[in-house]
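Student: What follows is a single structure, and I will ask about it in a moment.
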Amino acid sequence: MPKAAASLASLLPQLWHRPVQPPPFLHRALSSSSPLLRRHRAALHSPAAPLSAAAVSTSAATVEAPATAAYPVYGRLLPCPLQDDPPRIEHLVAREDEVAVDFISRSLTLPPLYVADLIKFGAVYYALVAPQPPPHAAPEHVRIFREVTEPSVLCRRKSIKGKTVREAQKTFRVTDPNQRLEAGTYLRVHVHPKRFPRCYEIDWKSRVIAVTDNYVVLDKPAATSVGGATDNIEESCVVFTSRALGLETPLMTTHQIDNCSEGCVVLSKTKEFCSVFHGMIREKQVNKRYLALTTAPVSAGIITHYMRPINRAPRLVSEDHIKGWHVCQMEILDCKKVPWPSSLIRKVHKVDNCGWPQQEAAYECKINLLTGKTHQIRAQLAAIGTPIVGDSAYMTAAMAAIVNPSINPFGRWGQNYDSEDEKAAAVEAWISCHGKEPKSVIGLQASEISWDYEGEHHSYKAGVPWWRQDAVESDLI
C-alpha cells in the first residue's frame, strides 16, 4: 500500500471527531438498540484489537473493530418493527482493499446478513474521498483534511485519476455486498433505516386505479413513501406496486406527495414517459386537485404566500413578498362542513389530535394546486389559522399563533425587529413551535390528477378519503 494512501486512510477518520457531545436529542447510539439485533444477542468475548478500520459516529465516539467477533443471531430486517430505532449513522474509511460487507461488519460489529440487508435497502453510501468536514469540526481537523486531499496525496490513488476532489467526493449507493473497496474509500452507513410498516398491511392491487403501457396510477395509502427514503428504497410504493402487478422492470416515480398524505400518484413504466411527465409538470400541464380536512372554514378564492427557500421542514411561509422566496398559490374551489372524524375512525387511522380539541364539525376544502412546493398546502392552511386535521408538524404552530399572533415573524401581526439577530432569534422561536412530521395519516388527499398527452385527455380520481369511510371499511383497506 503506497505511503501516501496509507496516510490518507489513517488521517481521514479523525475529521469528524466532535470536541463536545451533541445535545441529547441528536445523540446516535453506538450500540444497536434494534430488537432484531437484541434478539439472542451473543456476548463478544474476544479482546479489542488495534484498529483495522476507522469508524466515526455522529456521537463522536470511536468504534474499535475486534479481530474476531461473535455476531448476534440475526433474523433479517423483517418483520418490520412498528417503531423506528434511534437514528444511527456511522462514517468509515477503509484502511486497505477489501469487500464492503466484511469491512462494515467488522468495523461496526454487525452481523454480515444485517449489513447485506442494509445495502439492499439502499442504506449504505460510498465516495472515493471523504467529504468536507462539517462546520463544527476543529481547526486541526480542517488542516488535516486539507493535507490529505492535496493533489500530491490523491494522485497516488488510481481510482481518482482524472477526477477533481469534488467529483471524487460524490456519494453513491453501495448496491452489492461484495463490492470491492479501495483503500481510502469513504462509507456512510445508516445502521437504523427509517421503516414503513404500513407497506405490509396494504392490499396493493386494490389501490391501483389504472394500468397503461406507459404508466400506473396508484391511490397511495398514507404512512407510505412514494419512492422511499434516503436510507430505505425497499419499503416504498414503487417497489410494492411493482411486485403486486408482477412487473419485471420496477416502476419509477414521476412526482411526490407527502408520506402522511394519500391519493393519486403516477408511476412510470419507462424512462421515456418519466422524462415526458417531468416535463409536463415543469410546464404546468398537469392539473392536481386536493381535498383537505381543516379545523375551520376557508373562503373560496386564491391564497398566495411566499415560501422560504430552505429545503428542510418546517416550511415557513410569509404573507408579504420577500426577495428570493418562492411564490405559493392555491385556489380554494369549495369548502363544506362535514362531521369531525369519530374517535373510532381516528383510532383506526392513528390520527394524531396534536392537542387540538375535538369539534362537532370539520371542513372539507376542494383545492386546485397552482404551484407545487413541498408541504405547500399544509403550510399555507396553517398560516391562515385553519390547519389540517392530524398535521402534527404545522397544527402546533397554528395553535401557538392563535394564542399569540405576533409569535409568527412572517404573519400579518409580526413584530418589527431592531436588528437581524433579534429577527433570527424570533425565526428560531417560530420554528420551535412546529411539531414533528406525522407518522400516520393527515386530512389531505390528492383526489384528482389529469393531463393531455399525445392528443388524449387522461384523468383519474382517488377513492373515498379516510375521514368519509366508516370504521369497518377503513379497517379493511
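The values are calculated or read from the model by the stated rules, or taken from the named source; none is laboratory data. In this text, all values refer to a predicted model and were calculated from it rather than measured experimentally. Note that we place each Cβ from the backbone using ideal geometry, even for glycine, and neighbour counts take in every protein chain shown. The area values use the complete protein model at the heavy-atom level, side chains included, leaving out ligands, DNA and RNA. Shrake-Rupley method; radii C 1.70, N 1.55, O 1.52, S 1.80 Å.
Student: For residue 190, tell me the accessible area in Å² from a 1.4 Å probe, rounded to the nearest 10.
Tutor: The value for residue 190 is about 20 Å².
Student: Net charge near residue 452, counting Lys/Arg +1 and Asp/Glu -1 over other residues with Cβ under 13 Å of its Cβ? Working shown, then result.
Tutor: Values: positive: 284; negative: 283, 454, 456.
Net of charged neighbours comes to -2.
Student: Over every pair of different alpha-carbon atoms in the stretch 287-450, take the mean of 1/r and invert it; report that Kirkwood radius in Å.
Tutor: With all distinct Cα pairs of the stretch 287-450 included, I get 16.3 Å.
Student: Compute the signed sum of charges (Lys and Arg +1, Asp and Glu -1) over the other residues within less than 12 Å, Cβ to Cβ, of residue 426.
Tutor: On the way: positive: 423; negative: 418, 420, 421, 422, 428.
Neighbour charge sum, excluding residue 426 itself: -4.
Student: Quick one: compute a quarter of the convex hull surface over the Cα atoms of the stretch 88-192 and quote it in nm².
Tutor: Numbers: hull surface 27.2 nm².
Taking the Cα atoms of the stretch 88-192, their convex hull projects to 6.8 nm² on average.
Student: Which trypsin sites (Lys or Arg not before Pro) from the stretch 196-301 combine a DSSP loop assignment with at most 12 other Cβ atoms within 10 Å?
Tutor: Here the sparse-neighbourhood loop sites are 284.
Student: If you filter the stretch 296-337 for trypsin sites (Lys or Arg not before Pro), then keep DSSP loop positions with at most 10 other Cβ within 10 Å, what is left? Don't skip to the answer; put the middle values down first.
Tutor: Working: sites: 312, 315, 323, 336, 337; in loops: 312, 315, 323.
Those that pass, being in a loop and sparsely packed, are 312, 323.
Student: Could you rank the peptides 391-404, 414-427 by their average count of other C-beta atoms within 10 Å per residue, with the highest value first?
Tutor: Taking the mean over residues of other Cβ atoms within 10 Å, the ranking is 391-404, 414-427.
Student: What is the Rg over Rh value, at two decimals, for the stretch 150-189, using alpha-carbon atoms and the Kirkwood definition of Rh?
Tutor: 0.97
Student: Something else about it: At most 16 other Cβ atoms within 10 Å and a DSSP loop assignment: could you name the GluC sites (Glu not before Pro) in the stretch 95-142 that fit?
Tutor: Listed in order of number, the matching sites are 96.
Student: Let me know the charge dipole size of the stretch 195-283 about its Cα centre in debye, to the nearest 20, where only the beta-carbon of Lys, Arg (+1) and Asp, Glu (-1) is charged.
Tutor: Charge dipole of the stretch 195-283: 60 debye, to the nearest 20.
Student: While we're on this one: Express the Stokes-Einstein translational diffusion coefficient of the stretch 245-345 in µm² s⁻¹, to the nearest whole number, given a Kirkwood radius over alpha-carbon pairs, 20 °C and a viscosity of 1.002 mPa s.
Tutor: Working: Rh = 17.2 Å.
Rounded, D is 125 µm²/s.
Student: Rounded to whole Å and sorted largest first, list the principal axis extents of the Cα atoms in the stretch 403-463.
Tutor: 58, 29, 18
Student: Continuing with the same structure: Give me the percent relative contact order of the stretch 87-211, please, defined on Cα pairs under 8 angstrom at least 6 residues apart.
Tutor: RCO, the stretch 87-211: 50 percent.
Student: Measure up 439/461; 323/439; 336/461 against 23 Å on the Cα-Cα distance and list the ones that go over.
Tutor: Over 23 Å apart, Cα to Cα: 439/461; 323/439.
Student: Let me ask something additional. How big is D, in µm² s⁻¹, for the stretch 180-295 by Stokes-Einstein at 4 °C and 1.567 mPa s if Rh is the Kirkwood radius over C-alpha pairs?
Tutor: Using the Kirkwood radius from Cα pairs, D works out to 83 µm²/s.
Student: A further question on this structure: If you count only protein heavy atoms and use a 1.4 Å probe, how large is the accessible surface of residue 213, to the nearest 10 Å²?
Tutor: Taking all protein chains as shown, residue 213 has close to 140 Å².
Student: Moving on. Defining a contact as two alpha carbons under 8 Å apart and six or more residues distant in sequence, what relative contact order in percent does the stretch 145-276 show?
Tutor: Normalised by residue count, the contact order of the stretch 145-276 is 20 percent.
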